[in-house]
Amino acid sequence: MRFLSSLFSLVAIATAVVAQSANIGAPPDMTQVAAGSSFTVMIERPDSQDPSIEVAVVIGLLSCASTPCNGPSEDLGSVILYNGPFHPQFVQGPGIPNLPPYENFTITVPSSFEKGNAQLGVAHVFLEGLALTPELETFNTTIVVT
């Protein structure tokens with residue numbers, strides 16, 4: 001019985017952590033983006049019942065055309081596209097899909113960026129819980145630079 005209650009607690013904690021994680025809502029994985037063009041990156045931050053304070057996001061781009069990318073926790077990118085405040089908001093209204101709080105960032109792929117697969121990596125910094133513990137999470141998607 002003790003094993004089951006420990007297992008349940010572990011699953012509940014893991015679910016709570018995953019549910020509070022930010023993620024890339026757009027662009028979808030493998031979206032093609034022309035070098036030199038702008039596109040929108042939507043960072044979603046699901047609503048949380050725990051107190052939290054948003055600090056910042058950093059959005060980077062790393063070419064994976066000739067070598068595999070290791071993920072944003074090891075290499076955020078050779079080009080930093082955005083580094084600054086993060087203020088996700090609910091957007092509601094007729095014809096607007098029911099989305100978690102989010103913020104859109106318009107970014108531009110440098111015209112000289114290597115063509116092929118690229119890692120769009122994000123580092124998200126926030127303060128979480130009653131003690132406002134500093135947290136860092138990273139996540140990514142792949143875009144194809146054309």
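Quick notes on this one:
- Residue ranges of strands (runs of 3 or more DSSP E) in region 26-128 with at least 2 members under 13 Å from residue 140 (Cβ atoms): 38-44, 52-63, 116-128
- Residue match in region 84-100 (condition: at pLDDT 95 or above and touching a Leu at 6+ places or on another chain (Cβ under 6 Å)): no
- Listed by first and then second residue, the pairs with beta-carbon distance under 7 Å, at least 6 apart or on different chains, first residue in region 81-96 and under 24 Å from residue 109 (Cβ atoms), second in a loop (DSSP other than H, G, I, E, B), are 88/45; 88/101.
- Positions within region 63-77 being in contact with a Gly (Cβ under 9 Å, 6 or more places away or on another chain) and of a type in the set (S, T, N, Q), in sequence order: 63, 66, 73
- Count of residues meeting criterion [at pLDDT 80 or above, farther than 18 Å from residue 100 by Cα and among the small types (Gly, Ala, Ser)] in region 1-55: 5
Yes/no matrix, rows are residues, columns are (1) touching a His at 6+ places or on another chain (Cβ under 6 Å); (2) touching a residue at least 24 places away in the same chain (Cβ under 8 Å); (3) among the hydroxyl-bearing types (Ser, Thr, Tyr); (4) more than 12 Å from residue 60 (Cα to Cα):
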position: 76; (1), (2), (3), (4): no, yes, no, no
position: 101; (1), (2), (3), (4): no, yes, no, yes
position: 108; (1), (2), (3), (4): no, yes, yes, no
position: 124; (1), (2), (3), (4): no, yes, no, no
position: 146; (1), (2), (3), (4): no, yes, yes, yes
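- Taken together, the residues in region 40-63 that are farther than 17 Å from residue 133 by Cβ and surrounded by fewer than 18 Cβ atoms within 10 Å (Cβ to Cβ) amount to 5.
The values are calculated or read from the model by the stated rules, or taken from the named source; none is laboratory data. As the structure is a prediction and not an experimental result, all values here were calculated from the model. No Cβ is skipped: glycine too gets one built from the backbone with ideal geometry, and neighbour counts run over all protein chains shown.
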